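Colleague: What follows is a single structure, and I will ask about it in a moment.
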Amino acid sequence: MKMPPNIKIHKGMAIISKEKSKIGKAIISFNDETGFQCIDIIMISSKVFTFKTFRRDPEDQTGWFPSGVVGDLYSSKNEAILAAEAAVDWFKA
């Protein structure tokens, strides 16, 4: 179930889904076949999940950078994975 864009309070911290500024922890990371793109499934709370895409450049060894695709809020890890599959061409879990 896709959750509506609004402000939710989680342990005293505001989670503002409309602005995509979310608090959470990556629980699963999927890399593409080149190893230069990935999708993180992020748990914001035990009942709220999202996903974000990242990239890294072979010539830049400083790490991963956000690449623009950020999911909405979902009520399960599996819903976030399915939404990521629909949003990102290369990704099939």
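What follows is calculated from the coordinates using simple rules that are stated; it is not laboratory data. Keep in mind that what you see is a predicted model, and the values were worked out from it rather than measured. Glycine gets a Cβ as well: all are built from the backbone with ideal geometry, and neighbour counts include every protein chain shown.
Colleague: Kindly rank 28-37, 47-56 from highest to lowest mean number of other beta carbons found within 10 Å of each residue. Each step should come with its number before you reach the end.
Modeller: Numbers: 28-37: 13.2, 47-56: 20.5.
Answer by packing, highest mean first, reads 47-56, 28-37.
Colleague: Further question: Could you quote the convex hull projected area for segment 18-93, Cα atoms only and averaged over all directions, in nm²? Let's see the in-between values first.
Modeller: Details: hull surface 20.5 nm².
Result: a mean projected hull area of 5.1 nm².
Colleague: When the chain is fully extended, how far beyond the present Cα-Cα distance does residue 59 get from residue 77, taking 0.36 nm per residue of separation? Mind showing how you got there, number by number?
Modeller: Numbers: separation 18, 0.36 × 18 = 6.48 nm, distance 3.30 nm.
Length difference between fully extended and current span is 3.2 nm.
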